[in-house]
Every structure is written in C-alpha cells, then in structure tokens.
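Asker: What follows is a structure written as structure tokens; I'll ask about it next.
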Amino acid sequence: MTLFSRKVDYALLILSYLYRQTGTARGIAERFGLSRSFTANILKELGHHGFVVSQRGVKGGYALARPARQITLAEVIEALEDGWRLTLCSGNTPHPEVCEFTHCCTLQGPLAEVHQRLLDVLRGVTLADLFEGHGCSVHVVPARSLPVLEMPALAADAVL
C-alpha cells in the first residue's frame, strides 16, 4: 500500500521536469517513458488546478504556473487525490458510514491528529524543496574509458 496514488507520483515527476525547463507533452512523455496521452492527461489536470500553464503553437509547451517555492506538496496531493485523507475517518470530513466502529473507535482521534500533523509537514514542503539539487540525469561512461583494476597475484597455495 502506498500513501499516494501513482497519479501523484507521475505528476511530481512531470513537475520536476518543468521545474528545470519548459516542455511539450511529447518531450516529457519520451523523457520518462510514459504514453503521450497519459502525460497529456496529467498535464491537463495540473493545468486545471493551476500548477502549470500551456501555450499552443510552434513554440508552445508547458511551464510551471508559478514559482516552485509557492507550490506546496500538500497542494498537489490534495488537488490530485480529491479529498485525500490518511484514513476514511480522518480529515476534515470523516465518513462514519464506511466504518461500523466509528461510534466506539478509540483510534479516530489519534489518527485524525496524525493526519493533521502529516498535512502540516506536507504544507511546509515546496516543490523547490523537493527538486533543488536532485536532478534526474543519466551519465553513461563508455566501457573503454573505465579504469582497469590491477589485482595482485595470489600465491599458488592461497585459500580463498
């Protein structure tokens, strides 16, 4: 079980790309090996929630709608998860109809507190905090440029 959906994972990946540069849906999809339509759908949703802006045309593409320092992790998660909560009985609007023990549960209060603390932490983390200095890049070293390790010869009677 994960705390957040794959949609949030991919959205953060796309936002990390746009943190460093503008891009097209096709370019972003190719960079991460995602389908173009899936990437376009995530970008559309990010745009709907005000995280990215798009420009049509030959020089078009996507960019962050505001500085990464002004977008919190909590904002992204809450927008994409549509009412995210740690448990069904935590958050601002508990759902007592989904749990038959709501009337006598001793965990509801403590879990609501944990939920609130987690939200407080997520509200204190910006996209810039996540992305600064943590670029995803691949550096390929040609095999012929790797150093050859010299190993001392073992004595004939050496035990391995």
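Asker: So, by mean Cβ neighbours within 10 angstrom, what's the order for 106-112, 23-29, 12-18 with the highest one leading? Could the numbers behind the result be given before it?
Answerer: Details: 106-112: 14.0, 23-29: 18.3, 12-18: 20.0.
Sorting 106-112, 23-29, 12-18 by mean packing, highest first, produces 12-18, 23-29, 106-112.
Asker: log₁₀ I(q)/I(0) of the range 6-134 at q = 0.17, 0.20 Å⁻¹, via Debye over equal Cα point scatterers, no solvent, to two decimals?
Answerer: Listed by q, the Debye log ratios stand at -0.87, -1.07.
Asker: Multiplying the sequence separation of Ser5 and Phe32 by 0.36 nm and subtracting their Cα-Cα distance, what value in nm do you get? Please report the intermediate quantities before stating the final value.
Answerer: On the way: separation 27, 0.36 × 27 = 9.72 nm, distance 1.74 nm.
Full-extension gain reported as 8.0 nm.
Asker: Also: Per-residue HN-Hα couplings for the range 73-87, Karplus 6.51 cos²θ - 1.76 cosθ + 1.60 at θ = phi - 60°, whole Hz, x for Gly and Pro?
Answerer: My calculation for the range 73-87 gives 4, 4, 4, 5, 5, 5, 5, 7, 8, 6, x, 4, 8, 5, 9 Hz in order.
Only the coordinates and a few stated rules stand behind these numbers; no lab work does. Everything numeric here is computed off the predicted structure, so don't read it as measured data. For neighbour counting, all protein chains shown are included, and Cβ atoms are generated from backbone atoms with ideal geometry for every residue, glycine included.
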